[in-house]
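The values are calculated or read from the model by the stated rules, or taken from the named source; none is laboratory data. Remember, it's a predicted structure, so these values are computed and weren't measured experimentally. Note that we place each Cβ from the backbone using ideal geometry, even for glycine, and neighbour counts take in every protein chain shown.
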Amino acid sequence: MSAETPRAGHLLLRAPPFPGPAVSLAKAAALPNVENVAVDRLFAAMREARVGGTFWARPVDPAGLRLIVRARSVSEARLLRAGLEEAERNAAVWLLPARRAGHAEVEALGIRSVVFGGVDPWSLLQGDMQLLAHGDDEWAALAQIAGCRVQFLSPGTYGAPGMDGERLRRCVAYHLLAPCYRDPFTGKESDAEAIVAQLGHWRRIIDANRDIVAACGMAWWKRHEIARFLWSPHSRLRFFRSEGRAIAHAARRNGAVAIWPSRMSAAMVWQAETMGVPLVRVEDGFVRSVGLGSDLVPPSSVTVDRQGIHYDPNRASDLETMLAGADFAAPLLARAAQLRAAILAGRISKYGGTGEQALPHRQPGRRLLLVPGQVEDDMSVRLGGGGLSSNRELLRRARSLEPDAEIWFRPHPDVDAGHRKGAVSDADALNLADRVVRGGSMADLLDRVDAVHVLTSLTGFEALLRGRDVTCHGMPFYAGWGLTTDLMPAPERRGRRLTLDQLVAAVLILYPRYLDPVTRLPCEPETLIGRMAAGDATNRLGWVTRIRQLQGRLTKGSR
């Protein structure tokens, strides 16, 4: 049996074929120190994450199957079939190379279940499944990791006929531990367990995308990024302008349609329900990007929700279900606390801004209150505002509730840029507020104030991260969990009282998706936050964005 050094193209732990240049996870190899405890832990992590080999390939239903036969050719399949009992033949799935020639010949053999081309090994390697394969087939290694029996057809890299279990185990461990792995985002040295965790993250995204075959309502300038967020190796995501055509395409493919909620009609919902087509709602995430969405800057984070959408309190959403019932383990909560600290240290805010403009001095001895303006026809306002949509009315209510406070009003940046509805003249605002504050850093502003009053603005969530008092006049996703003062009754679904780190774990780690602005790969929130804090996520303004900014200035000037 060969103990040759694993080559990059033959790694058991390798990246999916994401769009763009191939992703390398190893740069060299060395003689590993194979320790039993480390091997057991690594094998267990791979089983839990279901990674290794072509885990991104199409799954096969294992129902009724007990034997996997990995034949190299149709001719070999014929010989192997002759050596099987009838019961084994009937319970076997045959995995053959992706060659068109030979399909008719295979059918002539009378094989019931045959699959050509790539297959997700973890969809079959489970339970008491047995594998029949050559020793140089990576499925032989993965079967041993999965705990399945292996019958070797010939000796090879991962085992040979007659080898005892311990020697087989150490052989597979060698090929996992020999590569010198590298972090795909930083290029720094990594280890097998960290790579397994990264591949597990990618697997969860790919699995969630497998049935999304159509997209509708996506702005043209977002489509390239949306295609990356929803990428699946099995089929190209098709974008449609017509809701009916999108649903028809998904129905033919037995798949789902991704839809931008604000562009979804009631007729589309009815048609999708009638035809049995799931609708998956996609929306900007909570750590968006450097730049305004209204300036046509694509998002670096999105949410993908199969139940509803996070800003609609009238129905359940994946986020709300998570917050109401998730078991937040101690390691996840520790990670949430570290992420929150990184956001504060990096001065990160969805609403951007820089610290170049100095904030005014607060009045000594008075409670300082921030009221952030919102886009008045925004979906979160329409669905979660409880009938309140006026920025001026929000200011009036805040003043009524806290008559002695110093109030600062900050117009929404999209409204101030001239793109969206909700403008309040400075004169009107100053009838209720002490100052109108625009520009500068939202992070610095939240550090300066004592409390915020919001309708449904994400500013309330960012204020919670900084330990500020938050009063909600509407019902945003972070209200109703015991962390805010709520002026609207919360849905009964939100009866659970949460800690801040539990809220952060769901809202920033479990629920959204992120793209690394440097590598363009799906990443964890820590990577994006790190890029933003280091200035590596700076938006390069394109011609479309510049024209959009000019349009906003002209629109604002004509009012």
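Filtering region 107-125 to residues that are surrounded by fewer than 14 Cβ atoms within 10 Å (Cβ to Cβ) and of a type outside the set (D, E, K, R) leaves A108, G110, G117. In region 93-121, the residues that are in the same structural domain as G83 (by TED's automatic domain parsing) and among the aromatic types (F, W, Y) form Cβ pairs under 8 Å with partners that are surrounded by 14 or more Cβ atoms within 10 Å (Cβ to Cβ) and at pLDDT 85 or above, at six or more places apart or across chains, as follows: W94/V69; W94/A71; W94/A77; W94/S113; W94/V114; W94/V115; F116/L96.
Mind telling me which of the residues F229, F239 ends up being without any contact (Cβ under 8 Å) to a residue 60 or more places away in the chain, of a type in the set (F, W, Y) and surrounded by 14 or more Cβ atoms within 10 Å (Cβ to Cβ)? Break it down into steps so the answer makes sense when it comes.
Numbers: F229 fails: without any contact (Cβ under 8 Å) to a residue 60 or more places away in the chain.
Selected residue: F239, the only one of F229, F239 that is without any contact (Cβ under 8 Å) to a residue 60 or more places away in the chain, of a type in the set (F, W, Y) and surrounded by 14 or more Cβ atoms within 10 Å (Cβ to Cβ).
When residues in region 131-152 are screened for being buried (at least 20 other Cβ atoms within 10 Å of the Cβ), more than 17 Å from T54 (Cβ to Cβ) and touching a residue at least 60 places away in the same chain (Cβ under 8 Å), 2 of them pass. Scanning region 474-526 for residues that are out of contact with any strand residue (DSSP E or B) (no Cβ under 7 Å at 6 or more places or on another chain), of a type in the set (S, T, N, Q) and crowded, with 19+ Cβ neighbours inside 10 Å turns up just one, Q502.
In region 186-213, the qualifying residues are those that are part of a strand (DSSP E or B) and free of Cβ contacts under 8 Å to residues at least 60 places away in the same chain, and the one that is farthest from the chain's Cα centre (by Cα) is E189. Figure legend. Inter-residue proximity from region 528-540: first residues over 16 Å from I509 (Cβ atoms), second residues modelled with pLDDT of 90 or more and exposed (fewer than 13 other Cβ atoms within 10 Å of the Cβ), beta-carbon distance below 8 Å, spacing 6+ or different chains. Indicated pairs: A533/A345.
Can you find, within region 247-259, the residue that is farthest from the chain's Cα centre (by Cα) among those that are within 11 Å of I212 (Cβ to Cβ) and part of a helix (DSSP H, G or I)? Show your work before the answer.
Step one: list which residues in region 247-259 are within 11 Å of I212 (Cβ to Cβ), which gives 250, 253, 255-259.
Add one more test, that the residue is part of a helix (DSSP H, G or I), and what stays is 250, 253.
Values: A250: 22, R253: 23 Å.
That would be R253.
Considering only region 262-285, I want to know if a residue exists there that is in contact with a Ser or Thr (Cβ under 8 Å, 6 or more places away or on another chain), buried (at least 19 other Cβ atoms within 10 Å of the Cβ), modelled with pLDDT under 95 and not charged (D, E, K, R). Yes; the residues of region 262-285 include at least one that is in contact with a Ser or Thr (Cβ under 8 Å, 6 or more places away or on another chain), buried (at least 19 other Cβ atoms within 10 Å of the Cβ), modelled with pLDDT under 95 and not charged (D, E, K, R).
Residue count for region 78-95, restricted to those that are within 41 Å of the chain's Cα centre (by Cα) and modelled with pLDDT of 90 or more: 5. Restricted to region 405-460, the set of helices (runs of 4 or more DSSP H) holding at least 1 residues that are in the same structural domain as G365 (by TED's automatic domain parsing) and either of a type in the set (S, T, Y) or modelled with pLDDT of 90 or more (or both) comprises 426-429, 442-448. The set of residues in region 229-246 that are in a helix (DSSP H, G or I) and touching a strand residue (DSSP E or B) at 6+ places or on another chain (Cβ under 6 Å) comprises F229, E243, A246. Taking the criterion of being among the aliphatic types (A, V, I, L, M) and not in a helix (DSSP H, G or I), the residues of region 479-530 that qualify are A479, L483, L487, M488, A490, L498, L515, V518, L521.
Candidates A251, A267, A192: the one that is outside the structural domain of K350 (by TED's automatic domain parsing), over 23 Å from L319 (Cβ atoms) and in contact with a Gly (Cβ under 8 Å, 6 or more places away or on another chain) is A251. If only residues of region 12-37 that are modelled with pLDDT of 85 or more and touching an Asp or Glu at 6+ places or on another chain (Cβ under 9 Å) are counted, the one that is farthest from D191 (Cα to Cα) is L12.
Taken over region 214-226, the criterion of being surrounded by 16 or more Cβ atoms within 10 Å (Cβ to Cβ), on the phi < 0 side of the Ramachandran plot and not in a helix (DSSP H, G or I) is satisfied by A214, A215, C216, M218. Quick one: count up the residues across region 491-519 that are under 29 Å from G20 (Cβ atoms) and more than 14 Å from the chain's Cα centre (by Cα). Adding up the residues that qualify gives 3. Checking each residue of region 168-185 against the condition of being in contact with a Lys or Arg (Cβ under 9 Å, 6 or more places away or on another chain) and not in a strand (DSSP E or B) gives at least one match.
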